[in-house]
Amino acid sequence: MTKTAKFVDTANITVCVNHNKDISWKMLNYHFHGAFEIYYSLSDNIRLFVSDKIYDVSQGDLFVFNNTDLHRTVAPSNISYERYVIYFNPDYVSSLSTQSTNLLECFINRKSDFSHRVHLTDSQSETFLYMLKKIKYYCSNNVYGSDVYKKENI
């Protein structure tokens, strides 16, 4: 099967958190972007295609994509498809890394048996969702201190 890929321009993104909810979602083309992506599913029965791999996605699955990962998602008709998508500039995150902690390790240094997916436990999911909602709030609202929060926590 020939894959048609679309480049999604993310050049001006430092960090962006999107909470999406759709009915009858179909992404016809594979896509990739300049930013790195973390995808977190709040729905079951989704299919995620990454290059030549196919993942059956469940609620609580977290996926990581770098700027070369061709990917697309397909949801069955007439279901609510809910997910969080985080885009971030790898240069920005790299600047936060230390010699001991490379925050981009799972995006760049991959072994042959690499899986894009990690399933979070209920406790991990709860913590992750709390953090996502907090980041989304401070990135979406220009409240006092939001600039400091973004600088220190994102």
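Residues in the range 99-128 that are among the β-branched types (V, I, T) and under 19 Å from S43 (Cα atoms): V118, T121, T127.
Being of a type in the set (S, T, Y), surrounded by 11 or more Cβ atoms within 10 Å (Cβ to Cβ) and at pLDDT 95 or above holds for only one residue in S125, S97, S146, and it is S125. Keeping to the range 22-49, report how many residues are surrounded by fewer than 19 Cβ atoms within 10 Å (Cβ to Cβ), among the hydrophobic types (A, V, I, L, M, F, W, C) and modelled with pLDDT of 90 or more. Of the residues in that region, 3 qualify. Of the residues N102, N89, the single one that is closer than 28 Å to D52 by Cα, surrounded by 15 or more Cβ atoms within 10 Å (Cβ to Cβ) and not hydrophobic (A, V, I, L, M, F, W, C) is N89. In this structure, is N67 in a loop (DSSP other than H, G, I, E, B) and either buried (at least 16 other Cβ atoms within 10 Å of the Cβ) or touching a strand residue (DSSP E or B) at 6+ places or on another chain (Cβ under 8 Å) (or both)? For N67, the condition - in a loop (DSSP other than H, G, I, E, B) and either buried (at least 16 other Cβ atoms within 10 Å of the Cβ) or touching a strand residue (DSSP E or B) at 6+ places or on another chain (Cβ under 8 Å) (or both) - is met. If I ask for residues that are touching a residue at least 40 places away in the same chain (Cβ under 8 Å) and not in a strand (DSSP E or B), which ones from the range 77-112 would you list? Scanning the range 77-112 gives S77, N78, I79, N89, P90, Y92, V93, L104, C106, F107, I108. Of everything in the range 1-21 that is surrounded by fewer than 14 Cβ atoms within 10 Å (Cβ to Cβ), of a type in the set (A, V, I, L, M) and outside any strand (DSSP E or B), the residue that is modelled with the lowest pLDDT is M1.
The values are calculated or read from the model by the stated rules, or taken from the named source; none is laboratory data. This structure is a prediction, so every number in the text was calculated from the model and none was measured. No Cβ is skipped: glycine too gets one built from the backbone with ideal geometry, and neighbour counts run over all protein chains shown.
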